[in-house]
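Chemist: Quick one: the structure is below, questions incoming.
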Amino acid sequence: MNKQRFISMVGSLILFSGFTAESQRLTDYVDPYIGSGGHGHVFVGANVPFGAVQAGPSNFYKGWDWCSGYNYQDSVIIGFPQLHLSGTGIGDLGDILVMPYMGEIKLDKGVETHRYSGYSSLYSHKNEKVRPGYYAVKLDDYGVEVELTASERVGFHRYTFPQGENARIIIDLKEGINDKSTETYIELTDRYTIKGYRSSSGWAKKQQVFFAIRTSIPVKNFLVYDNDKKINEKKGKGESIKGLITFPQAPRTVLLKVGISPVSADNALANIKAEIPDWDFEEISNRALDKWEKELAKVRIETKNEADKRIFYTSMYHAMMHPSLFNDHNGDYMGSDGNVYKKASHNNYTIFSLWDTYRAAHPLFTITNATKVGDFVNSMLAVFDQTGALPIWHLRGYETGTMVGINSFQVIAEAYLKGCKGFDAERAYHALKTTALSDLRGLNFVRDLKPIPSDVMRNRPVATALEYAIGDASIALMAKKMGKAEDCDYFKKRAGNYKLYYDKEAGFFRGIMADGSWNPVFDPLKSKRPYATDYAEGNAWQYLWLTPQDVYGFIELLGGEDAFIDRLDMFFSLRSDPSDPDVLIDLTGGIGQYAHGNEPSHHIAYLYAYAGQQWKTARFARYIMKEFYTDKPDGIIGNEDCGQMSAWYVLSSLGIYPVFTASGEYVIGSPVFDKATIHPENGKPFSIEAVNNSPENIYIQSVELNGKDYPYAYISHQDIIDGGILKIIMGNKPNYNYGKNPIRRPQTGRIGKKRFID
């Protein structure tokens, strides 16, 4: 055993024993259970950063809080699929479920109330271990010990069986999370190799996963069933195919390498040969751990609070679950048009939860993973080439159309404006402009600078229009930088479309009917139908603030800074009745009408800084981090949403947040740590030092940038990439004069009266 592997194994033993001495590796601070309870919906299992495979346990699906397949409060495992989502509010995937068990033949997971009728098993957290890249559990019903690790495209399973007769491994292609198998196939191609595929319909109405399995010992007894009917000893096709491996006398250990592919079973087998050619489980587990360590080391924090370290590094870990690779080791991938694209020049990605992640996760990636940002953009451009439109919520090659707006606009423009490389800017701009000028989802009205009528688009037109305005502002800034002055002027006008929806008498953005009248069904405190059909998972109060591209113009719309501050204060203090049946379950993490569990609220605390009251931004940012993020299983207040909730914490705890992502500016909030050093992938180290920092000293007294007084309540992306030191002096009382200077410099643009592009 080499020295590095020994050190890694010792570190894992320390982690699992509960030893709390100062850790040597940042991965020791990651607790994958955080967010696995409550409404967090995070993935628990084995994967690598942005990997295609998420090999982990699934429970019986019981609804919303089992969208990832696993919930901490559960006690029954049905098996170990290779694909899972992390943090979504809709369940899917759970493909290629493998489950070891002992005894008589069982071909179904059973039902929760009579689980002994199936192969599912009780388990206990006492016999469960999880760290980045590794998962282990003992199946109490059978005494089988299961260990999982992963490479990018391969799940690596190790099963340790007790002594006994009839050790079995079932490959159940019927099973998925909240979906239905439509066509499945399995075949034993030689004594060590099984191939097949699973087609299904769920959230993604049409998806297919190919797989190959290599076993460490020969398979001599293999039967194929369709549901519970035996059909063959070698292969079979049907709606609910299952393959059953039996060992009459239990071997001590069996290892399985499960490769997946969007293209073919042969490619899945090639992925195994390329990524895990040997059978050294510890080596692959340690490689996965090292990959996570490398990612986490891009930000190093200094604090005496061990819980804050766990929350921070677990947040970074969760932020890097998705997007997920969607190509094979040789570069092949299945396009959104159903065609296979061979040896693509970019790594292709999927699982783009863009309505959520454009707000903080993708801005974080422009700092920590700038190279991958180029691949993310190229993946979106490939979708455009194949379908004629940029992605909205893409899931394994299928456009779900979930949520509102087309938030790839913001992500692509931000990537260009921040100088991320690896994609063709003209090609990207063509995709942006073509999609923005299409008839898709109400854009035909936006294109002509008209409101989207609520009696024409009956589903969330106001929320859609507000998101479009943010995207249009992003495109305008990109057009300006590329020298496209006419386009810049046009998209600048579109970015102001939000004003069309402002009802001055009511004081809110609200729906407009085709005849120009206001939608009569309106209650600013309600977030369910029929009162909130104009909004997306929120109410009129929450959507009042969705103008991050033009905060100053919005301040003028409300009647000036005093009126703006008064409305913000009311927003954070006006409570809803918790028993009100017209308030959505998603609206968790409440401060008045603020709902941190849902993304449209995420920037609102930072708006105080635009009106000279940065101290309120600091106060609310600290409160949100303290109350809504903990190191417990229910430590994320709402759906993780593919990294957005965690990315909000990562950036906010550093003391910065991107209100308008394409601007390249981060509002300064209230740093949690004594010191944090960012190591940008394409820049120099940048440190944020909080002098006199403590749980009580949450207010900024003064700021220095590279030794010079810095009076502004924001920092630019370029300042971070260039490297240096941002020194922030903290205190327990507000310095009301800090941040009184506008959150802008003369040379930077804002969409506001004469402020957008100077």
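The values are calculated or read from the model by the stated rules, or taken from the named source; none is laboratory data. Quick caveat, the model's predicted, so the values are computed rather than measured. No Cβ is skipped: glycine too gets one built from the backbone with ideal geometry, and neighbour counts run over all protein chains shown. SASA here: full protein model, heavy atoms, side chains in, ligands and nucleic acids out. Shrake-Rupley method; radii C 1.70, N 1.55, O 1.52, S 1.80 Å.
Chemist: Please work out the FRET efficiency for the pair K129 and K342, using the Cβ-Cβ distance as r and a Förster radius of 56 Å; give the result to the nearest 0.05.
Modeler: On the way: r = 40 Å, r/R0 = 0.72.
Efficiency computed from Cβ-Cβ geometry: 0.90.
Chemist: May I ask you to evaluate 6.51 cos²θ - 1.76 cosθ + 1.60, the Karplus curve with θ = phi - 60°, for each residue of the range 48-58 and list the ³J(HN,Hα) values in order in whole Hz, giving x for glycine and proline?
Modeler: With coefficients 6.51, -1.76 and 1.60, one gets 10, x, 6, x, 6, 9, 10, 7, x, x, 10 Hz.
Chemist: Further question on the same structure: Any idea how far the Cα center of the range 330-356 sits from the one of the range 148-226, in Å?
Modeler: 23
Chemist: With r as the distance between the Cβ atoms of K273 and K234 and R0 = 25 Å, compute the FRET efficiency 1/(1 + (r/R0)^6) and round to 0.05. Kindly include the intermediate steps, with their values, before the conclusion.
Modeler: Working: r = 23 Å, r/R0 = 0.90.
Computed FRET efficiency for K234 and K273: 0.65.
Chemist: How big is the accessible area of T434 in square angstrom, nearest 10, if you roll a 1.4 angstrom probe over the protein chains?
Modeler: Probe radius 1.4 Å; accessible area of T434 about 60 Å².
Chemist: Calculate, for R252 and Q386, the FRET efficiency according to 1/(1 + (r/R0)^6) with r their C-beta to C-beta distance and R0 45 Å; round to the nearest 0.05.
Modeler: Values: r = 48 Å, r/R0 = 1.08.
Using R0 = 45 Å, I get an efficiency of 0.40.
Chemist: Can you give me the % of accessible surface on the range 483-640 that is carbon or sulfur? Probe 1.4 Å, all protein chains present, nothing else counted.
Modeler: Ligands and nucleic acids excluded, carbon and sulfur give 51 percent.
Chemist: Which order do peptides 265-278, 309-322, 151-164 fall in by mean Cβ count within 10 Å, highest first? Present the calculation step by step, with values, prior to reporting the outcome.
Modeler: Numbers: 265-278: 19.6, 309-322: 25.9, 151-164: 21.8.
Peptide ranking by packing, descending: 309-322, 151-164, 265-278.
Chemist: Which whole-angstrom value gives the distance between the alpha carbon centres of the range 699-718 and the range 54-76?
Modeler: 45
Chemist: Please give every one of the aspartates and glutamates within straight-line cross-link reach of K206, meaning a C-alpha to C-alpha distance under 15 Å, and leave out same-chain neighbours fewer than 8 residues apart.
Modeler: Counting by Cα, and skipping residues close in sequence, K206 has these aspartates and glutamates nearby: D92, D95, D179, E183, E239, D337, E399.
Chemist: Let me ask you something else. Net charge near L381: determine it from the other residues with C-beta under 12 Å of the C-beta of L381, scoring Lys and Arg +1 and Asp and Glu -1.
Modeler: Working: positive: R427; negative: D375, D385, D424, E426.
Combined, the nearby Lys, Arg, Asp and Glu give -3.
Chemist: Quick one: Kirkwood hydrodynamic radius for the range 275-391, alpha-carbon pairs, angstrom, one decimal? Write down the numbers at each step before the final one.
Modeler: Working: mean 1/r = 0.0611 Å⁻¹.
Evaluated over the range 275-391, this radius sits at 16.4 Å.
Chemist: Let me know the whole percent of all Cα-Cα pairs from the range 87-213 that are separated by more than 22 Å. List each step's numbers first, then the result.
Modeler: On the way: 3576 of 8001 pairs.
Of all Cα-Cα distances in the range 87-213, 45 percent exceed 22 Å.
Chemist: Go through F508, L432, A469 and say which Cα lies farthest out towards the positive end of the charge dipole of the chain; charges sit on Cβ, +1 for Lys and Arg, -1 for Asp and Glu.
Modeler: L432
Chemist: Okay, next question. Can you sort D328, D375 by solvent-accessible area, 1.4 Å probe, largest first? It would help to have the intermediate numbers written out before the result.
Modeler: Numbers: D328 0, D375 30 Å².
So, going from the largest accessible area down, we get D375, D328.
Chemist: Counting only heavy atoms of protein chains, what accessible area per residue, in Å², does the range 585-647 have with a probe of 1.4 Å?
Modeler: Numbers: 1410 Å² over 63 residues.
On a per-residue basis, 22 Å².
Chemist: Treating the beta-carbon of each Lys and Arg as +1 and of each Asp and Glu as -1, no other charges, what is the dipole magnitude of the chain about its Cα centre, to the nearest 20 debye? Provide the component values of the computation, followed by the final result.
Modeler: On the way: 85 positive and 89 negative charges, 192 e Å.
Roughly 920 debye, rounded to the nearest 20.
Chemist: Testing the spin-label approximation: label points 7 Å from Cα along Cα→Cβ at N444 and T113. State their distance in nm.
Modeler: Rounded to a tenth, the inter-label distance reads 5.0 nm.
Chemist: Compute the acute angle (0 to 90°) between the alpha-carbon long axis of helix 281-296 and the principal axis of greatest extent of the alpha-carbon atoms of the chain; round to the nearest 10°.
Modeler: That helix lies at roughly 0 degrees to the long axis.
Chemist: Based only on Cα atoms, what Rg/Rh ratio does the chain have, Rh being taken as Kirkwood's radius? Walk me through the numbers before you get to the answer.
Modeler: Working: Rg = 26.1 Å, Rh = 26.7 Å.
Rounded to two decimals, Rg/Rh equals 0.98.
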